[in-house]
Ligand SMILES: Nc1ncnc2c1ncn2[C@@H]1O[C@H](COP(=O)(O)OP(=O)(O)OP(=O)(O)O)[C@@H](O)[C@H]1O
Ligand SMILES: [Mg+2]
């Protein structure tokens, strides 16, 4: 992969009047990476993207593309191309005219443009559809035309603002792979925005998790999933069970937590917080549903949880057991279906166990809304 | 059920009366263009004639007025569409706190009486002119300039309303996408926003031209050395009317109907094509074998358009060969006899009345004066302007005979060389 | 404000933004606001020959307004009865024309908006066509009809309803018919636009509950159409009060329209300040009247022009 053009955000603040949309963002995006911003709706993702593409001036801080400060450089002069949340295909231009708009601007002849359009149409698997209007295409096809239009401008950085959100589930999953393939083929930096953690995890080299204008954690997908650094990241990415409590004792990279409901439990301190937590701190412990397993009768120790079963459901590949949890939240256990027999536990108290390295402790903080 | 049909019938009667009120005057006026008396009237019908068209096309002032109207219209279209578009764009992005005030300001000219706009334009630019120390013949006191400026003041508001309606459906992201792909702001405007706005701009331009063409109230204060058609018409109508004006009106009516039908037909056709495309299968679309409906099929407006066109050609053809001379001569003879009789009777009556008045020795009622100024139109009536006939029927002086050489008024329009400068007769100056 | 401007230029580019701003400023300030202010200022000045303008005699005075009320100085009457009468007659007549138009147009607008079918488009065309034709010619057409030997008189006399021609012009009937005629479209369209967006189901629901037609209109349609009605009425009132062509062509010799007085001051008397003062009076009175009525019916300016 060629070393593409990197993007840096340095101490970036963006305000709308008194409202702070982005607070002190520091992000380093390596050239040629597929980088995602992941966060709930309204957290400031689009705002960051608009600052990178030049539609918004930062209130403070800098945006650097390929190491150059972009201050005072308009969107039409930046080496970026943006794929809009609603695609923004030009409704009155044919598909091929849409795709080669950036060439038209530079004064390319219709012949050249036609040729380039045909190449790009082949690439996005829409050969021979150049003479249609965008309104005559399906949603997925429009999506691909938008990508082709952006790529035609030969940007160093491609910015994508939730481009798949308008598609149905099947198409969305298909387009994920396709996008990733395209990115690997053209080798330029992709900055991708989504509130769908599945998209972020499957496609990205790196993910920034955002919450209300603040970037909580930047890391690759595995790290974010397994080793979240904040309560928000832990609860927003994937499903997670939370145990609230207070740190009783620190033992190297592990900690004993005095939980509110489930007694004292042992867990691993998340990497980012190692050495920063001390006994007596409010803390939260997270265990993924798939990391919990049924324990035998009478099991005991600091990695054993027991609770009353509210209800159960069968999902095909897993059995889900929902139990009374902490702070009004249900405790969920997913047991892989490998053909074993399965008893109904509703109303009973059951005991669960987990491996200590699968339980993560972070400082107490705000959880993501469901 | 009975009740329903009763409402039905009353609705239709109402509609009939309404449209009679609306269209009747135009139809009657058009008809008077073809009747030979030199005062526009439909009854009594004397002779079918086309001479009024010829009279119209020889009227220098009318022709000059049309030319001025076109000049003013062109200027007004350009200026008011530009200002209307800028105003509409501004409305979509102005600071929210200013929006209401701003909207009130740009919509106000629609409500300000045209007379007031005319006066304020005149006064304001006169003052600017003086402040700059320019003379009375400077550009700023030029009638064309003032008229365009004055008309644009309120026509721009109409344009703004038309444009803002379409602009509200515009996605700003389109402009941003264009910028993002490297276009300058001007390019984004020209290649993305402008094509989107084109239909609305076209409507606004047509609207602006029509509004400018027919404007009287504002123009009457600003026209200076450049009387527009409307001004000329108003002068003529105020100081004596002839069927030549009816002829002009008829031409405008026909053009209007023509334009309206053409517009309607093209809209209808677009709809039909769109429908056909929708119904077509994918293969049909891709193979390009889609059969589009013919121009006339199930398009009543197009049929009407063709009918009107044929009728126009037929009438023009008739006009070229038709000669009303015979008929006119007969009617003239008959009229002369009648008028002679009537004049004698009138004389007798007046004699009688004069005697009565002399007896009374009281105030002489002004309307008893035997001059031409005895009709309701008298306030602005200028007998000197008229050749023979007056707008009053009571004063039935003999109508002026049309010059003999003029056998086909309308034909003259088509081959001017044919015409031996025949004055349409009865028309003014 | 500067923030707004900065953002404005960022959004539109310096070149396009400046052009846009220049056009808007030229329109709002150069064509709308300053000329009106200039006319207002002018109306407070004496009528001077050009060389004396700006000279020592050019001082503010209320003379022009006094003239409207008291007439010429040393005149025989206490009040300027002629002009004042014309003024009030114009306003009253404009109100009458507006009401007449409303009554005439409401049913049509309702019918057009609530009926579906191809004939509606034909009706719409028939409505619009007369308005593509010159205002003067429309008045001229009515004059042909209402003239002493016009179609109407011929018909009435022919049918034996009158034995002598009736002078429609002297009696101002032609004028009112002409003013009404001139602004039909301006009344119909705003009302039509609003009623078109009224859900038919609402009317049907009301009818279902047994409401009479009168009741339905009174309780459902008219309240809904209020913005359109007020918009139409405002425009018709303002335009008929400010009409000049129709009164000049269709007005009787003895009954002037206020705009005709203004016209005379400008063109016949060459007394611009006096004309400007009359124009100001007309404008201000009309605006106050419209605002008062708007307040009465609780509609606001934003509804105009929709
Ligand atoms: N022009 C603006 N003026 C004022 N506030 C704004 C503006 N643009 C965005 N905001 C605010 O900034 C916050 C972040 O908006 P942004 O569009 O970046 O959200 P997002 O993360 O893209 O959300 P979504 O996933 O719904 O697209 C929101 O609370 C929004 O209301
Ligand atoms: Mg967004």
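Please treat every number below as a calculation from the coordinates, not as lab data. The structure displayed is predicted, hence computed values, not measured ones. Because the Cβ atoms are built from the backbone with ideal geometry, glycine has one as well, and the counts that use them run over all protein chains shown.
A few points about this structure:
- Among A:252, A:42, A:328, residue whose mean-square fluctuation peaks in a GNM of chain A (springs only between Cα atoms under 10 Å): A:328
- Its relative contact order, with pairs defined as Cα atoms under 8 Å and 6+ residues apart, puts segment A:53-118 at 24 percent.
- Theoretical FRET efficiency, 1/(1+(r/R0)^6), r = Cβ-Cβ of residue A:154 and residue A:202, R0 30 Å, to 0.05: 0.70
- Convex hull of segment A:239-363 built on C-alpha atoms - directionally averaged projected area, nm²: 7.6 nm²
- Modelled label positions at residue A:320 and residue C:34, each set 7 Å beyond Cα in the direction of Cβ, lie 7.0 nm from each other.
- Modelled FRET efficiency - R0 45 Å, residue C:66 with residue B:100, Cβ distances, 0.05 increments: 0.80
- Global form of the protein assembly as shown, assessed from the alpha-carbon gyration tensor, a/c cut-off 1.5: prolate
- Ordering of B:236-243, C:79-86, C:56-63 by packing is B:236-243, C:79-86, C:56-63, highest average first (other Cβ atoms within 10 Å, averaged per residue).
- Taking A:330, B:345 and counting other C-beta atoms within 10 Å, the order from fewest to most: B:345, A:330
- Computed E for residue C:119/residue C:222 - FRET, C-beta separation, R0 30 angstrom, nearest 0.05: 0.75
- B:139, C:258 arranged by Cβ crowding within 10 Å, fewest neighbours leading: B:139, C:258
- Residue-averaged beta-carbon neighbours from other chains (10 angstrom radius) around A:131-139: 1
- Separation in nanometres of the label points that stand 7 Å from Cα toward Cβ, at residue C:293 and residue A:310: 6.4 nm
- For chain C, relative contact order (Cα pairs under 8 Å, six or more residues apart, normalised by length) works out to 23 percent.
- Average beta carbon contacts from partner chains per residue of C:34-44, 10 Å cutoff: 6
- Sorting A:351-364, A:203-216, A:59-72 by average packing, meaning the other beta carbons within 10 Å per residue, from highest down gives A:203-216, A:351-364, A:59-72.
- Label-point separation, residue B:357 to residue B:10 (7 Å along Cα→Cβ), nm: 5.3 nm
- The protection proxy used here, the mean number of other Cβ atoms lying within 10 Å of each residue, ranks peptides A:296-305, C:223-232 as follows, highest first: C:223-232, A:296-305.
- Counting neighbouring Cβ atoms within 10 Å and putting the fewest first, the residues A:190, C:297 line up as C:297, A:190.
- Partner shielding of B:228-237 amounts to 4, given as the average count of beta-carbon atoms from other chains within 10 Å of each residue beta-carbon.
- For segment A:1-73, a/c is not less than 1.5, where a ≥ b ≥ c are the root eigenvalues of the C-alpha gyration tensor, and a/b does not top b/c. That puts it in the oblate class.
- Per-residue extension of 0.36 nm, minus the Cα-Cα distance of residue C:163 and residue C:7, leaves a gain of 48.6 nm for this segment.
- Overall form of segment C:72-303 per C-alpha gyration tensor (a/c, 1.5; a/b vs b/c): oblate
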